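What follows is calculated from the coordinates using simple rules that are stated; it is not laboratory data. What you see is a predicted model; the values in this text were computed from it and never measured. Counting neighbours? That spans all protein chains shown, and the Cβs are built from the backbone with ideal geometry, glycine included.
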Amino acid sequence: MVAACTVFGAAAQILIKIGMSPGHFVPSLVGLATDVPLIAGYALYGVFTLAMVLALREGELSMLYPIIALTYVWVTLASYWLLHDTPNLYKNLGIITIVVGVAVLGGGGRKK
């Protein structure tokens, strides 16, 4: 469930970015209320939050919360692909560091 949450969180951030982009966003209350990507992004954040509440009820916080860091990985990869952001060495090293960190933390979880 938490892995799916990371995808929801990343999709929400990409949609919000698209919704607030120059040329797309109309700076007015009507523009804000009718901005479909922006509204969809915030709705996905709502789904993300509800799913996290459910996951945190049963899971170990020290194990689940680092998995949320994968959201940064998905956002970066999606921004390369969808928003045509420029990859660089530091971004890619950051992604690798996050993935390795999550894998190390995942290996040390409490066995039930």
Loop chymotrypsin sites (Phe, Trp or Tyr not before Pro), the stretch 1-82, which have at most 15 other Cβ atoms in a 10 Å radius of their Cβ (DSSP): 25
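Under unit Cβ charges (Lys, Arg +1; Asp, Glu -1), what dipole magnitude, rounded to 20 debye, does the chain have relative to its Cα centre?
My answer is approximately 340 debye.
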Charge-dipole axis of the chain as Lys and Arg at +1 and Asp and Glu at -1 on Cβ define it, positive-most pick from 49, 105, 28: 105
Among 30, 100, 75, residue whose mean-square fluctuation peaks in a GNM of the chain (springs only between Cα atoms under 10 Å): 30
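Arrange 15, 82, 29 by Cβ neighbour counts within 10 Å, fewest through most, would you? Write down the numbers at each step before the final one.
On the way: 15 21, 82 11, 29 8.
Arranged by neighbour count, lowest to highest, 15, 82, 29 become 29, 82, 15.
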Cβ-based exposure ranking for 64, 89, in which fewest neighbours within 10 Å come first: 89, 64
Reported label for calculated Kirkwood radius over Cα pairs in Å given [x] 15.4; [y] 14.5; [z] 22.3: [x]
Label-point separation in nm, residue 54 to residue 69, each point 7 Å along Cα→Cβ: 2.6 nm
